[in-house]
Each structure stands twice: as C-alpha cells, then as structure tokens.
Amino acid sequence: MKLFAEVDAILAPATPCTAPLLGQQTFMFGDVELPVRANLGLYTQPISFIGLPVVAVPVPLAPLPIAVQIIAAPWREDVALRIAHALEVKGVVAAMRPAM
C-alpha cells in the first residue's frame, strides 16, 4: 500500500510465457516443464487474491502474444482502465485479430 502513495499503478507481467497453442498441455519456465492450466495465472493469482484492481492487456509479439497487468490501488479501477485505454490508443497493447 505504501507503493501506491508514490505511483498510480504498477505494470507487471501477467503470464510467465507467451500464449499457449490450443491444446498445449505444458510450457517451459526456465529449465522446468510446467502444466499450462495450473500455472498460466502464476503472476495474476496473487494480485486477485489480495483484491487489487487489475487489467490484463495483450502485448503483440510474433507469433503469439504475451500480456502485462496494470495493477491499481484498492477501489481505483478507473486508474487501471484509463491506463489500459491509453496504451491501446497509442498502439502499445492490442488484441491480435484472428486470421480469416
């Protein structure tokens, strides 16, 4: 809570890896192979658990995206959403359009 006296939000990784392929069961985290389902929320679960407002936004990378989370002080969802919107407008974050 002391940190939010000095900053409006915290930008942190949302996932430990790029987006898994459909049906992918595991991913490499350093030298360790981990199950996707149990570990994809490795960085977001603690934030959700303590109840801070957070917005996860995709950062396009070729060939698959990775996400960052914007974490705000309690009851400041507006801050997280405004930052996410500003990043989207600037083209920093964007959901990739599916190929047709």
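The values are calculated or read from the model by the stated rules, or taken from the named source; none is laboratory data. Just so it is clear, the structure is predicted and the values come from calculations on it, not from any experiment. Every residue, glycine among them, receives a Cβ derived from its backbone with ideal geometry; neighbour counts consider all protein chains shown. Note: areas computed on protein heavy atoms with side chains; ligands, DNA, RNA excluded. Shrake-Rupley method; radii C 1.70, N 1.55, O 1.52, S 1.80 Å.
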| message | Among (1) open to solvent by 60 Å² or more (accessible area, probe 1.4 Å); (2) farther than 24 Å from Ala95 by Cα, there is one condition Gln25 misses while meeting the rest; what is its number? | response | (2)
| said: For the range 63-73: of the residues being in contact (Cβ under 8 Å) with a residue 60 or more places away in the chain and not β-branched (Val, Ile, Thr), which is least open to solvent (accessible area, probe 1.4 Å)? | reply: Ala72
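Residue-wise test of (1) touching a Gly at 6+ places or on another chain (Cβ under 6 Å); (2) closer than 17 Å to Pro13 by Cα; (3) at pLDDT below 90; (4) surrounded by 14 or more Cβ atoms within 10 Å (Cβ to Cβ).
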| residue | (1), (2), (3), (4) |
| --- | --- |
| Phe29 | no, yes, yes, no |
| Glu77 | no, no, no, yes |
| Gly91 | no, no, yes, no |
| Ala95 | no, yes, yes, no |
| Met100 | no, no, yes, no |
| remark: Over the range 41-62, the set of residues more than 12 Å from the chain's Cα centre (by Cα) and either open to solvent by less than 40 Å² (accessible area, probe 1.4 Å) or in contact (Cβ under 8 Å) with a residue 40 or more places away in the chain (or both) is Leu52, Pro53, Leu61
| request: Could you check how many residues of the range 1-19 are free of Cβ contacts under 8 Å to residues at least 40 places away in the same chain, surrounded by 11 or more Cβ atoms within 10 Å (Cβ to Cβ) and farther than 18 Å from Arg82 by Cα? | output: 1
